[in-house]
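Q: There's a structure below that I have some questions on.
Throughout, read-outs are computed from the coordinates displayed, never taken from laboratory work. Model, not experiment: these values are computed from the prediction. Backbone-built Cβ (ideal geometry, glycine too); neighbour counts: all protein chains shown.
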Amino acid sequence: MSFETISIIGLGYIGLPTAAVFASKGKKVVGVDINARAVETINRGEIHIIEPDLDRVVHDAVARGDLRATTKPEAAEAFLIAVPTPFRDEHQPDLRFVKAAAESIAPVLKKGDLVILESTSPVGSTEQMAEWLAAARPDLRFPQQSEAPDIFIAYCPERVLPGQVMVELINNDRVIGGMSAACSARASELYRIFLKGECVETNARTAEMCKLTENSFRDVNIAFANELSLICADQGINVWELIALANRHPRVNILQPGPGVGGHCIAVDPWFIVAQNPELARLIRTAREVNDAKPQWVLDQVKKALADCLVQTGKRASELTIACFGLAFKPNIDDLRESPAMGVAQLIAEWHSGATWVVEPNITQIPSALAEHATLVACEEALNQADLLVMLVDHHAFRAIDAAQVTQSWIVDTKGVWR
Ligand code: SAJ
């Protein structure tokens, strides 16, 4: 049976692009979100998130009548759940939104439907979701109850890079973790509607762990680079040169240090592994701790540089201006959420008695968290007038600055731009 109507629950950074891509293939897509404003925005053919090319695809799909948003689930042949899975205190995963999404679709489920969980989730979440669905619909048979179920269920994690979602969504291979082989086959059929990459089938638990593993792999590797940056600073070695040299080895590929690790995934997902296996996940936990400690270390470097500046210039701290370059959570985007650069800028602004300036070419207004203690200035002004420069995000615009324009003697460079 082909899928004529597809419902996406959660119209955020993953759900909305996925909805738009199915609609672009001529499917009738019903997007569901509890945020009424997001629903209204989408139904006007506009978007409430920032992602290159998404606006055009959503606009066209809504204009053709293939994509429609609502706050209440409706009948469909396939349901994809793409809601947030944050963590609570002590880094314990919080599945409350998955539960609410499952319970909201339960009343409209019918024999033959497919339910897919896409949200990053701890191992066992898909089985848990299946239990919630079964409890709500005792009249239907689920994969944990029958080899010939009425409802097919799979876990299929998203793995797209923010900023390149519309390309990666279509081209990346997809891990398909069905609760049975039949569930996997059904889910693969769904993704093949738009996927150019391969559907690689496995079971639900392996697929859940696979998603967590991918982001933990990156976190551990960034932690290695961040730890090297601390050791090199202590040893008087340029970490950027060191990494470039080590990476000349055919089997070495070290990532880049920075002010810490941000975003909504890499700094979160490893904790899901740690929460389930606290005794065993020692390296994964330590990597998180190393990366989370980096902003404070950067502040300490700034304090040392300012102390030196005070001695050399004979000025008071209140007379000196510190300029922070970059606030986004990574280069060439305007997303400031969960950004270590924001964290460092805040630490500096709250500690420093003089002026703190921030340069962020991707925004036009200072974020409220910084407004009280910092000022947004143009790049030129910071280069011409600030006493101490702190490089936090290696945006293209900053890499393009001519070395002759950077005349300050006091620089803390977390990205190796002004090495
Ligand atoms: N970072 C470094 N050094 C590096 C690379 C990254 O410090 O060498 C920092 C970035 O500045 C940023 C953080 O790490 O603060 C995360 O950035 P990222 O580009 O590594 O990843 P995200 O969070 O944008 O997207 C990741 C991706 N996962 C992997 O690459 C394994 C993406 O494919 C996932 O879909 C996404 O998480 C997600 O949604 O889980």
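Q: So for each of 378-385, 39-46 I average, over its residues, the number of other beta carbons within 10 Å; can you give me the resulting order with the highest mean first?
A: Details: 378-385: 14.4, 39-46: 16.2.
So the order, starting with the most tightly packed, is 39-46, 378-385.
Q: Right, next: Let's see if you can work this out: charge +1 on each Lys and Arg Cβ, -1 on each Asp and Glu Cβ, no other charges. What is the dipole magnitude of the chain about its Cα centre, in debye to the nearest 20?
A: Value, rounded to 20: 520 debye.
Q: I've got another one for you. Along the Cα→Cβ direction, 7 angstrom out, place labels at Glu241 and Asp60. What is the inter-label distance in nm?
A: With each label placed 7 Å out from Cα toward Cβ, I get 5.0 nm.
Q: Which whole number of Å³ per residue matches the convex hull of the alpha-carbon atoms in the chain? Write down the numbers at each step before the final one.
A: Working: hull volume 65.9 nm³, N = 419.
Each residue corresponds to 157 Å³ of Cα convex hull volume.
Q: Let me ask you something else. What is the antiparallel percent of DSSP beta bridges lying wholly in the chain, to the nearest 5? Kindly include the intermediate steps, with their values, before the conclusion.
A: Values: 3 of 45 bridges.
Once the DSSP bridges in the chain are tallied, antiparallel ones form about 5 percent.
Q: So, by mean Cβ neighbours within 10 angstrom, what's the order for 221-229, 84-92, 318-326 with the highest one leading?
A: Details: 221-229: 19.6, 84-92: 12.4, 318-326: 22.7.
Order by mean packing, descending: 318-326, 221-229, 84-92.
Q: Quick check of the Kirkwood formula: for segment 5-205, what is the inverse mean of 1/r over all pairs of different Cα atoms, in Å? Present the calculation step by step, with values, prior to reporting the outcome.
A: Details: mean 1/r = 0.0597 Å⁻¹.
Every distinct Cα pair counted, the radius reaches 16.8 Å.
Q: Counting residues in segment 256-413 as N, plug N into 2.2 N^0.38 Å and put the Cα Rg over that result.
A: Details: Rg = 16.7 Å, N = 158, 2.2 N^0.38 = 15.1 Å.
My calculation over the Cα atoms of segment 256-413 gives 1.11.
Q: Checking the cross-link filter: which lysines have an alpha carbon closer than 25 Å to that of Lys415, excluding same-chain neighbours under 8 positions apart?
A: Partners within reach: Lys294, Lys303, Lys304, Lys330.
Q: Choose one answer from Lys99, Lys315, Lys72: the residue with the largest mean-square fluctuation in a GNM of the chain with alpha-carbon springs under 10 Å.
A: Lys315
Q: Here's another thing I want to ask about it. Taking H as built 1.01 Å from N, whose amide H comes closer than 5 Å to the amide H of Val268, not counting residues under 5 places away?
A: Those qualifying (amide H under 5 Å, at least 5 residues apart or on another chain) number zero.
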